[in-house]
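Trainee: What follows is a structure written as structure tokens; I'll ask about it next.
A short reminder: the numbers here are calculations on the coordinates, not readings from a lab. Treat the numbers as computed from the prediction; the structure is a model and nothing was measured. Counting neighbours? That spans all protein chains shown, and the Cβs are built from the backbone with ideal geometry, glycine included.
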Amino acid sequence: MAKTFAGSRLRRLREERGISQIELARQLAISPSYLNQIEHDARPLTVPVLIRITEVFGVDTTYFAPHDTPRLVADLREALPSRATTGDLATLATKFPEVAEAVVELYRRFRQVDDQLAELVGDRDLLGHSPHEQVSDFFYRRQNYVHGLDEAAEALAGKMELRRGGAPGRLRDRLAEQHDIQVVLQEDLGGDLHRYEPGSRTLHLSSSLRPGQQAIRMGAQIALLEYADVIDEIVEEEKFEDVQTQILTRVGLANYFAAALILPYANFLETAERLRYDIELLSDHYAMGWESICHRLSTLQRPKARGVPFSFVRVDRAGNMSKRQSATGFPFSRSGGTCPLWNVYEAFNAPGRVMTQIAAMPDGQRYLWIARTVIHQHGGFGQPGKAFAIGLGCEVRHAGRLVYSAGMDLHATDAATPIGPGCKTCERMTCPQRAAAPIGRQLDLDENRSTFIPYPLKSG
């Protein structure tokens, strides 16, 4: 079992509560010198001491888990591409996470200024920190779980006596009875999937939406009507300066509420565990689509009632990542592009088939990834649709709880596919599939020789 060193987090927690080392040591029934060693990472946290700390401060044990370290190291690699080794960055992220986060935040602010400059001069290729990216970061910081909103949705589901498969009718009734809102299915919405008109109190839904998709839209409308104060409070805490980011965050929280209402936490978690996270069976059980089920699975991180911590991603054939959420520390790249060896791209070669992969990151962490394509169709024959690959991944240590691990040797490290966060930040210098040189590394080019590796690099 890996040792837990969490000195900086414990010290920060103690200082925030205004407790001295001597007083905390007394409450933990340990000596002040022992506590001092723990806070300086000279001694690891033992299980008995960890349990007493959670009791004293009222926090979950996962508060001290290093789940954000891989992502933080990847962010630092982009912020400091040629100024530190991976070991140095890992030390900074592990022992001084607040400092590491401050460095990353400074880099993000630099990027924002750079984006604003690019916009002023008309260079759209330089723009990067979009409202969508900020909203993704918003949910990532919360491990894709919004406690107050999730509990409120579950309570409302119980009050409404929602039953699986019957959500659309009950949601339609609530909108009519509580808000005098009529729900109308309409074939032509001018390209919209839904449109709410406050004046006529009418919620128009495209007839192309499946029942589960209709339920999500109605649930989101209920969230914006009945829980607007809760949503506004969450958004205001973020202090987003951009109005578009505020709107997207509100929409994201409303959709989160809708999924938590239709798939209430305790019931959904119990069913997921019983069915061993079989997404096809869960989709049939709740009459919801593959993507909706996968997204809800990635949110099951309620303290003291956690499901498997998943990372969720949606990509298209060109490699564009339109959704990325994570309850783990999976290091999604911010520098553009993802790893071509990742099985989410292989899914496009077998539409509708579930693909599985044991993937190893450069730091040695291994993940079980599940991927499958989904098609979003709108309109009739000849109308263009949208094809995506949905990926759901968890650390191998949780993989035994999933039906998809059947027949796999989860301990065979050599059998794992070596992938990376993205070519520009990946440390696999000899990867023949590399599509871009890593940031901050100098190429070793020679007109008198050629190499199988597309971007030979100078050593050191």
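Trainee: Based only on the alpha carbon positions, what is the Kirkwood hydrodynamic radius of region 308-415, in angstrom?
Mentor: Here the Kirkwood hydrodynamic radius works out to 14.7 Å.
Trainee: Work out, step by step, the length gained on full extension between residue 435 and residue 417: first 0.36 nm times the residue separation, then minus their alpha carbon distance; give nm to one decimal.
Mentor: Gain on extension, residue 435 to residue 417, equals 4.8 nm.
Trainee: How do 235, 403 rank when sorted from fewest to most other Cβ atoms within 10 Å of their own Cβ?
Mentor: Sorted ascending by nearby Cβ count, the order is 403, 235.
Trainee: Report the label-to-label distance for residue 316 and residue 141 in nanometres (one decimal), using points 7 Å from each Cα along the Cα→Cβ vector.
Mentor: It is 2.9 nm.
Trainee: While we're on this one: As an exercise, use a Förster radius of 41 Å and the Cβ-Cβ distance of residue 353 and residue 452 to find the FRET efficiency, rounded to the nearest 0.05.
Mentor: E between residue 353 and residue 452, to the nearest 0.05, is 0.85.
Trainee: So for the chain, averaging the separation of alpha carbon pairs under 8 Å that are six or more residues apart and normalising by length, what relative contact order in percent results?
Mentor: 12
Trainee: Okay, moving on. Using only the alpha carbons of the chain, what is the convex hull's orientation-averaged projected area in square nanometres?
Mentor: Value for the chain: 26.7 nm².
Trainee: At a threshold of 8 angstrom on Cα-Cα distance, excluding pairs fewer than six apart, so keeping six or more, what relative contact order does region 7-64 reach in percent?
Mentor: Here the relative contact order equals 33 percent.
Trainee: Something else now. Count the DSSP beta bridges whose two residues both fall in region 160-280, then state the antiparallel fraction as a percent rounded to the nearest 5.
Mentor: 45
Trainee: Please give the contour-minus-distance gain from residue 109 to residue 132: 0.36 nm per residue of separation, less the Cα-Cα distance, rounded to one decimal in nm.
Mentor: That pair, residue 109 and residue 132, stretches by 6.7 nm at full extension.
Trainee: For 304, 323, what's the fewest-to-most ordering of other Cβ within 10 Å of each Cβ?
Mentor: 304, 323
Trainee: Hand me the GluC sites (Glu not before Pro) from region 203-255 located in a DSSP loop with no more than 16 other Cβ atoms within 10 Å, in residue order please.
Mentor: The qualifying sites are 241.
Trainee: Per 0.36 nm of contour for each residue apart, how much would the distance between residue 99 and residue 410 grow if the chain were fully extended, relative to their Cα-Cα spacing?
Mentor: Contour length minus Cα-Cα distance gives 108.4 nm.
Trainee: Could you grab the Rg to Rh ratio for region 232-280? Cα atoms only, Kirkwood for Rh.
Mentor: 1.20
Trainee: Of all DSSP beta bridges in the chain, what percent run antiparallel (nearest 5)?
Mentor: Bridges in the chain that DSSP calls antiparallel: roughly 85 percent.
Trainee: Let me ask something else about it. What lysines could a cross-link reach from residue 424, if we take a straight Cα to Cα line under 17 Å and drop same-chain neighbours fewer than 8 places away?
Mentor: In chain and number order, the partners are 458.
Trainee: Per residue Cα convex hull volume for region 147-263, in cubic angstrom?
Mentor: 105
Trainee: So, with +1 on the Cβ of K and R and -1 on the Cβ of D and E, and no other charges, what is the size of the charge dipole of region 7-64 about its Cα centre, to the nearest 20 debye?
Mentor: In debye, rounded to 20, region 7-64 gives about 60.
Trainee: How much mean residue ellipticity at 222 nm does the chain get from its helices, if each DSSP H run of length 4 or more adds -39500 (n - 2.57) and you divide by all residues, to the nearest 500 deg cm²/dmol?
Mentor: -13500 deg cm²/dmol
Trainee: If you count, for each residue, the other Cβ atoms within 10 Å and average over each peptide, how do 96-105, 306-315 line up from highest to lowest?
Mentor: Listed from highest to lowest mean packing, they are 306-315, 96-105.
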